[in-house]
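The values are calculated or read from the model by the stated rules, or taken from the named source; none is laboratory data. Given the structure is predicted, the values throughout are model-derived calculations rather than measurements. Don't worry about glycine lacking a Cβ; one is built from the backbone with ideal geometry, like all the others, and counts go over all protein chains shown. Remember, those area values only see protein heavy atoms, side chains included, never the ligands or the DNA or RNA. Shrake-Rupley method; radii C 1.70, N 1.55, O 1.52, S 1.80 Å.
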Amino acid sequence: MGGTAAELGGSRCLRSVLGRFATGVVAVASADPRTGERAGLAANSFCSVSLDPPLVSFCVAHTSSSWPRIRAADLLGITILGADQREAATRLATRGSDKFRGMPWSESPGGTPVLDGALAWLECAIEAEHPAGDHVIVVARVLRLDASREGEPLLFFRGEYERISR
């Protein structure tokens with residue numbers, strides 16, 4: 001039962017299989033150093049890479065219109081979203097200009113936008129970018145971080161935002 005994605009039904013089949021792996025959801029954002037304009041996106045490919053040095057990673061589609069604006073800043077903020085932040089994730093996952101309008105947010109010590117009410121945030125600098133198929137793998141060095149509150153994480157499973165059922 002092996003073979004290529006094409007032999008197994010193409011990208012739809014691959015998406016279906018990989019969608020059975022639940023992931024957390026993060027907001028990745030920055031502010032333009034000249035104008036202060038915020039840019040953000042939602043990612044469910046976030047993971048820890050290394051504790052020493054402290055590195056994390058996430059993937060961004062080559063078609064993202066937000067990523068070039070985010071990466072233009074010196075620092076980026078990664079917000080780990082809670083189960084009650086589904087609307088924020090949906091808004092950040094869609095194309096649009098001011099995704100932060102009406103969304104409560106604050107600045108990290110270095111000035112990156114982080115969403116209020118999240119489980120945690122990290123302030124990072126981009127360490128490396130690695131092209132990988134239709135995405136780029138971004139490796140970021142953690143400079144500051146805080147566990148903001150306790151709570152249930154927002155999950156992405158089978159193409160939908162979910163909560164942990166207990």
Quick calc, the chain, dipole around Cα centre from Cβ unit charges on Lys, Arg (+) and Asp, Glu (-), nearest 20 debye, gives 460
Picking from PRO109, LEU143, PHE156, whose Cα lies most toward the positive end of the charge dipole for the stretch 52-166 (charges on Cβ: Lys, Arg +1; Asp, Glu -1)?
PHE156
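If you roll a 1.4 Å probe over the chain with all protein chains in place, what percent of the accessible area is carbon or sulfur? Kindly include the intermediate steps, with their values, before the conclusion.
On the way: 5200 of 9720 Å².
The nonpolar share, carbon plus sulfur, comes to 54 percent.
When Lys and Arg each count +1 and Asp and Glu each count -1, what net charge do the other residues less than 10 Å away from ALA125, Cβ to Cβ, add up to? Please report the intermediate quantities before stating the final value.
Details: positive: ARG141; negative: ASP74, GLU123, GLU127.
Counting the neighbours of ALA125, the net charge comes to -2.
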So for ASP116, ASP84, ASP74, what's the accessible-area order with a 1.4 Å probe, most first?
ASP74, ASP84, ASP116
Along each of the three principal axes of the Cα atoms of the stretch 119-166, give the extent in whole Å, ordering the values from largest to smallest.
38, 30, 11
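Counting only helical runs of four or more DSSP H residues, what would the 222 nm mean residue ellipticity of the chain come to if each run contributes -39,500 (n - 2.57) and the total is spread over all its residues? Walk me through the intermediate numbers first.
Details: 3 runs with 22 residues, N = 166.
Helix-only estimate at 222 nm: -3500 deg cm²/dmol.
Expressed as a fraction of 2.2 N^0.38 Å, the rule-of-thumb size for a compact globular protein of N residues, what is the C-alpha radius of gyration of the chain? Display every interim value, and only then the final one.
On the way: Rg = 16.1 Å, N = 166, 2.2 N^0.38 = 15.3 Å.
So the Cα radius of gyration is 1.05 times the expected 2.2 N^0.38 Å.
Ratio of the stretch 18-93's C-alpha Rg to 2.2 N^0.38 Å, to two decimals?
Values: Rg = 13.0 Å, N = 76, 2.2 N^0.38 = 11.4 Å.
It is 1.14.
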Could you work out which residue, out of PRO104, PRO131, PRO53, moves most in a Gaussian network model of the chain, that is, has the largest mean-square fluctuation with Cα springs under 10 Å?
PRO53
I'd like to check one number: the per residue accessible area of the chain, probe 1.4 Å, reported in Å² as a whole number.
59
